[in-house]
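Colleague: One structure, as structure tokens, below. Some questions next.
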């Protein structure tokens with residue numbers, strides 16, 4: 001497996017990985033997978049490639065358009081079901097953290113459903129800490145939890161090298 005910068009040609013396969021995650025009901029409130037135009041929201045996006053196929057992706061999107069927050073981003077991480085449990089998510093996130101620091105990001109944040117224990121563990125191992133919980137922050141519109149109000153756990157990682 002290799003981790004590399006995403007290319008426009010990865011959009012279809014990365015979108016399929018995203019769709020798999022959304023179908024679980026534990027990945028996002030979003031109900032429609034990203035399409036080719038949506039990838040422009042991520043100034044930093046990495047993919048894991050396994051045997052020539054996209055096996056996962058990790059990205060950072062700005063959390064705000066305000067200049068004062070230019071180094072604060074929200075992380076997305078998705079891993080294909082065929083490779084889950086093989087360390088792909090951990091490796092993607094570790095490399096994303098390194099790349100984000102080289103690009104000047106000083107704070108990374110994530111919002112994860114509390115039932116998604118695997119993601120919480122991967123983010124915790126990458127140095128993210130829980131900073132809060134948003135109770136009943138949104139109502140699921142799709143999947144196995146459609147119609148249910150859901151909580152999210154807010155995680156944050158402050159860089160040890162950027163913004164000191």
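Colleague: Classify region 94-164 as rounded, prolate or oblate, taking a ≥ b ≥ c as the square roots of the eigenvalues of its Cα gyration tensor: rounded when a/c is under 1.5, otherwise prolate if a/b is larger than b/c and oblate if not. The partial results should precede the final answer.
Modeller: Values: a/c = 2.61, a/b = 2.39, b/c = 1.09.
In terms of gyration-tensor shape, prolate.
Colleague: How much length would be gained if the chain were fully extended between residue 125 and residue 95, taking 0.36 nm per residue of separation minus their Cα-Cα distance, in nm to one decimal?
Modeller: Values: separation 30, 0.36 × 30 = 10.80 nm, distance 1.30 nm.
Net length gain for the segment: 9.5 nm.
Colleague: Let me ask another. Counting helices only, and only those DSSP H runs with n ≥ 4, report the 222 nm mean residue ellipticity of the chain as the sum of -39,500 (n - 2.57) divided by its residues, in deg cm²/dmol to the nearest 500.
Modeller: Numbers: 3 runs with 38 residues, N = 164.
The per-residue figure over the chain is -7500 deg cm²/dmol.
Colleague: Using a Förster distance of 22 angstrom, determine the FRET efficiency expected from the C-beta separation of residue 135 and residue 29, and round it to 0.05.
Modeller: Working: r = 15 Å, r/R0 = 0.66.
Here the calculated transfer efficiency is 0.90.
Colleague: In what sequence do 105, 57, 149, 39 fall when counting other Cβ within 10 Å, fewest first?
Modeller: 149, 39, 105, 57
Colleague: Find the relative contact order for the chain and round it to a whole percent, using C-alpha pairs within less than 8 Å whose residues are 6+ positions apart. Could the numbers behind the result be given before it?
Modeller: Working: 309 pairs, mean separation 34.4, N = 164.
Reported as a whole number, the value is 21 percent.
Colleague: Given R₀ = 30 Å, what would the calculated FRET efficiency be for residue 49 paired with residue 148, taking r from the Cβ atoms and rounding to 0.05? Don't skip to the answer; put the middle values down first.
Modeller: Values: r = 35 Å, r/R0 = 1.18.
It comes out at approximately 0.25.
Colleague: Moving on. Sorted from fewest to most neighbouring beta carbons within 10 Å, what does the list 18, 142 look like?
Modeller: Working: 18 24, 142 15.
Least crowded to most crowded, the residues run 142, 18.
Colleague: Which shape class, rounded, prolate or oblate, goes with region 2-158 when its Cα gyration tensor gives a ≥ b ≥ c as root eigenvalues, a/c under 1.5 marks rounded, and past that a/b bigger than b/c marks prolate? Let's see the in-between values first.
Modeller: Values: a/c = 1.38, a/b = 1.06, b/c = 1.30.
It is rounded, given that a/c, with a ≥ b ≥ c, falls under 1.5.
Colleague: Shifting gears a bit: Using Cβ contacts closer than 10 Å as the measure, can you line up 1, 140, 102 from fewest to most? Intermediate values should be presented prior to the final figure.
Modeller: Numbers: 1 14, 140 17, 102 11.
Ranked by crowding around the Cβ, least crowded first: 102, 1, 140.
Colleague: Computed FRET efficiency, Cβ-Cβ of residue 161 and residue 115, R0 22 Å: what is it to the nearest 0.05? Before the final figure, lay out the partial values.
Modeller: Working: r = 33 Å, r/R0 = 1.51.
According to the calculation, E is roughly 0.10.
Colleague: Something else now. For Cα pairs less than 8 Å apart in space and 6+ apart in sequence, what is the mean separation divided by the residue count of region 81-164, i.e. the relative contact order in percent? Write out the running numbers ahead of the final one.
Modeller: Working: 107 pairs, mean separation 29.6, N = 84.
Relative contact order here is 35 percent.
Coordinate-derived values only; no laboratory data. Everything numeric in this text was worked out from a predicted model, so none of it was measured. Counting neighbours? That spans all protein chains shown, and the Cβs are built from the backbone with ideal geometry, glycine included.
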